[in-house]
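To start, the structure under review is shown below, and the notes come after it.
The values are calculated or read from the model by the stated rules, or taken from the named source; none is laboratory data. As the structure is a prediction and not an experimental result, all values here were calculated from the model. Virtual Cβ from ideal backbone geometry, glycine too; neighbours counted across all protein chains shown. The protein model used for the area step is the full one, side chains on, heavy atoms only, and it has no ligands, DNA or RNA in it. Shrake-Rupley method; radii C 1.70, N 1.55, O 1.52, S 1.80 Å.
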Amino acid sequence: MKWWRRFGPASGNEPKLDDPFGRYVVTTFVKGTNMGPYEAARHIPGVSGHELSYTANRHFSIVLLNEAMADLVNAHARLDISQAWGDGTTVAADGTHMDTYLDNALAETSVRYGKPGGIAYHHLSDTYIALFTHFIPCGVWEAVYIIEGLLKNTSEVKLKFPPRTEQRVFTLPGRGSA
């Protein structure tokens, strides 16, 4: 499985990087951990912040990241051990409160958690892989994001509707579209 093949220059030409695979792996890690290229360069030997920033800005996009994520989900679904956990048709949706700076555009004070931040909302398959994750502000109606996550699933894993949720968010809009 070559998930990194999704990344490259917007022109479609071959990347002119010395080690594209290594750079794409490190850049994916940096983007996934939300560390930032210059902070990562302080901790990862052999790479500079400029190199990581250049790769992230010129070779990556949200569309390409989602395509690479679908490749990983599909490869995971084909593993024998994944089939032992479930058939991949059931999904659970849940949010996790994440602390943010107060000056962040998504930062709001959560009534449930009593502190400012946002919600990292995850859709997890019964084969224990994250199908979709996005960051939403506190206080929004989560049912909309449950449905959106199911609609944005581009992997080969086909899910049953409705998902299992921890909160009672499947009220009028959620049930009306089922």
Legend entry - Subset of the stretch 1-14 that is of a type outside the set (F, W, Y) and either open to solvent by less than 70 Å² (accessible area, probe 1.4 Å) or outside any loop (DSSP other than H, G, I, E, B) (or both) - its residue that is modelled with the lowest pLDDT: G12
Legend entry - Residue check, A56 within 20 Å of W3 (Cβ to Cβ), of a type outside the set (F, W, Y) and in contact (Cβ under 8 Å) with a residue 60 or more places away in the chain: no
Inset, instruction - Could you tell me whether R42 is without any contact (Cβ under 8 Å) to a residue 24 or more places away in the chain and either surrounded by fewer than 18 Cβ atoms within 10 Å (Cβ to Cβ) or among the charged types (D, E, K, R) (or both)? - result: yes
Inset, instruction - Filter the stretch 46-62 for residues that are in a loop (DSSP other than H, G, I, E, B) and either basic (K, R) or under 21 Å from the mean Cα position of the chain (by Cα) (or both) and give the result. - result: F60, S61
Inset, instruction - Kindly provide the set of residues from the stretch 47-64 that are among the small types (G, A, S) and either more than 23 Å from A120 (Cβ to Cβ) or open to solvent by less than 40 Å² (accessible area, probe 1.4 Å) (or both), ordered by number. - result: S48, G49, S53, A56
Inset, instruction - Name every residue in the stretch 78-111 that is without any contact (Cβ under 8 Å) to a residue 24 or more places away in the chain and either within 16 Å of E142 (Cα to Cα) or touching a Gly at 6+ places or on another chain (Cβ under 9 Å) (or both), in order of residue number. - result: D99, T100, N104
Inset, instruction - Might you let me know whether the stretch 15-26 holds any residue that is within 19 Å of the chain's Cα centre (by Cα), open to solvent by less than 60 Å² (accessible area, probe 1.4 Å) and closer than 24 Å to C138 by Cα? - result: no
